[in-house]
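The values are calculated or read from the model by the stated rules, or taken from the named source; none is laboratory data. What you are looking at is a predicted structure, and each value in this text was computed from that prediction instead of being measured. A quick note on method: Cβ atoms are made from the backbone with ideal geometry, for glycine too, and the neighbour counts reach across all protein chains shown. Surface areas here come from the heavy atoms of the whole protein model, side chains and all, with no ligands, DNA or RNA. Shrake-Rupley method; radii C 1.70, N 1.55, O 1.52, S 1.80 Å.
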Amino acid sequence: MGKIAQFLTICINFVFLNNIEIFMFFGKLFKLLVSPKVGWKGFDKYSIPNNILLSKLFYPCLAILAASKFVPFVSGYVEMDLKVMVVSAMIDFIKYFVAFFLISFWITSLFKFTAENESATNRFNNYLVLNLCILVIINVLKNLVPGFPIFDLLPVYVVYVAYCGRLYLEIPTDKEKSFLTAMAIFLLGIPLCIKYMFEMMLPNV
């Protein structure tokens, strides 16, 4: 346990050192995770440029995700070739990184209200980033505590988080069901498809 704590401390210091704004965003994300209805209201109060949310929240989340992949290895909980571990961490990082751009492109193409102006596009992309961050945090938990099947079901929780964010996004009533269904499919499906694609190309991972 001491090695795990030391390793996580190093990773957290690397990501957060001298950046109070990142702490603030992670605090809001934690509130969104434990209480989606309250959490969305917190983000609704601020007009945050999407590039800020990406750099201050999404990318640090991905860095923590990649680092968490090594925790069982460092602690001695699992034995795995280091090269395989590095590639696996890269796949975890890439699947969500690429998913953001793919989902953003497809949803804004399918649902015009998400791209009717610059403000609407920024609001949707923030909505997407926050939902993906919830998935990333769940994946971090799976990496930190491997071997618990219950964690395989937790990604479904993001569907509820996305549903609670419908008021934040101001979805037109006639588009609500189709939009939320598409978001659920894309959020859960696209990262998995990207992961399986890499695993087919790299069977030893």
What FRET efficiency comes out for the pair Val98/Ala120, r = Cβ-Cβ distance, R0 = 25 Å, nearest 0.05? 0.60
Of Val34, Met24, Ala63, farthest towards positive along the dipole that unit charges on Lys, Arg, Asp, Glu beta carbons give the stretch 20-69: Val34
Ignoring ligands, DNA and RNA, please state the percent of accessible area on the stretch 53-197 from carbon and sulfur, probe 1.4 Å. 68
In whole angstrom, and with the biggest value first, how far do the Cα coordinates of the stretch 20-171 range along each principal axis? 50, 32, 28
Calculate the spin-label point distance for Phe105 paired with Cys193, positioning each point 7 Å from the Cα along the beta-carbon direction, and give it in nanometres. 1.2
Given Cβ point charges of +1 (Lys, Arg) and -1 (Asp, Glu) and nothing else, what value in debye, to the nearest 20, does the dipole of the stretch 106-205 about its Cα centre take? 80
Highest to lowest packing among 90-96, 171-177, 125-131, scored as the average C-beta count within 10 Å: 125-131, 90-96, 171-177
Work out, step by step, the length gained on full extension between Leu144 and Ala182: first 0.36 nm times the residue separation, then minus their alpha carbon distance; give nm to one decimal. 10.7 nm
